[in-house]
1. For ARG60, ARG79, which order do you get if you count the other beta carbons within 10 Å of each Cβ and list the fewest first?
2. Pull up the cross-link candidates among the lysines for LYS116, meaning alpha carbon to alpha carbon under 27 Å and not fewer than 8 places away within one chain.
3. What shape does the chain have by the C-alpha gyration tensor, where a ≥ b ≥ c are the square roots of the eigenvalues, rounded means a/c under 1.5, and otherwise prolate means a/b greater than b/c and oblate the rest?
4. At a Förster radius of 25 Å, what calculated FRET efficiency corresponds to the Cβ-Cβ distance of LYS5 and SER28, to the nearest 0.05?
5. Does the stretch 80-132 come out rounded, prolate or oblate, given a ≥ b ≥ c as the square roots of the eigenvalues of its C-alpha gyration tensor, rounded meaning a/c under 1.5 and, failing that, prolate meaning a/b above b/c?
6. Give me the distance in nm between label points sitting 7 Å out from Cα along the Cα-to-Cβ direction at TYR43 and LYS74, one decimal.
7. Using a Förster radius of 41 Å, what is the FRET efficiency between ASP81 and LEU134 based on their Cβ-Cβ separation? Nearest 0.05, please.
8. Full-extension gain between ASN58 and GLU122, please, as 0.36 nm times their residue separation minus the C-alpha to C-alpha distance.
Amino acid sequence: MIIRKLIESDYDEILVDWWKSWRWTPPSRDFLPENGQGGFIVYDGDTPVCAGFNYLTNSRVGWCEFIISNFDYKEKEKRKDAITILINTIDEVLKISGCKYVFTSVKNKSLTETYKELGYTEGSSNSLEMVKEL
């Protein structure tokens, strides 16, 4: 598996379809950190498997978010390996950037288990994400 930074075209050519396949509303492009600066995509050969984003804050907290995978990629164990590579990469980038903590919000049970296996601890549960456009 290989990982690379997201490029601008990945949003329209790959990610929007993935979000729709999982029945998610794709986040607006301007809700995401700049492609190439805050996101990564993992490939198995020529097949894109998963992608995600890292946000930097003005505190010692970084944010790992919008982890999404290729709905049509059916190799379950390899998908988990790819997601592990992705999260570990984001964690390392945030650490190098001076973050001491990583925050994420997650609903998917298997993704939650992967985060726990990687040392994340559960914070609150049954919370509701809220967004306001200014």
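1. Working: ARG60 11, ARG79 19.
The order, fewest Cβ neighbours first, is ARG60, ARG79.
2. LYS5, LYS20, LYS74, LYS76, LYS78, LYS80, LYS95, LYS100, LYS107
3. Working: a/c = 1.26, a/b = 1.18, b/c = 1.07.
Note, shape of the chain comes out rounded.
4. 0.80
5. Details: a/c = 1.91, a/b = 1.23, b/c = 1.54.
Verdict is oblate for the stretch 80-132.
6. 2.4
7. Values: r = 39 Å, r/R0 = 0.96.
The computed FRET efficiency comes out at 0.55.
8. Details: separation 64, 0.36 × 64 = 23.04 nm, distance 2.31 nm.
Separation in residues times 0.36 nm, less the Cα-Cα distance, equals 20.7 nm.
Each reported figure results from applying straightforward, stated rules to the coordinates on display, with no laboratory input. Bear in mind that the values here come from a model prediction, so they are computed numbers and not experimental data. Using ideal geometry, Cβ is built from the backbone for each residue, glycine included, and neighbour counts are taken over all protein chains shown.
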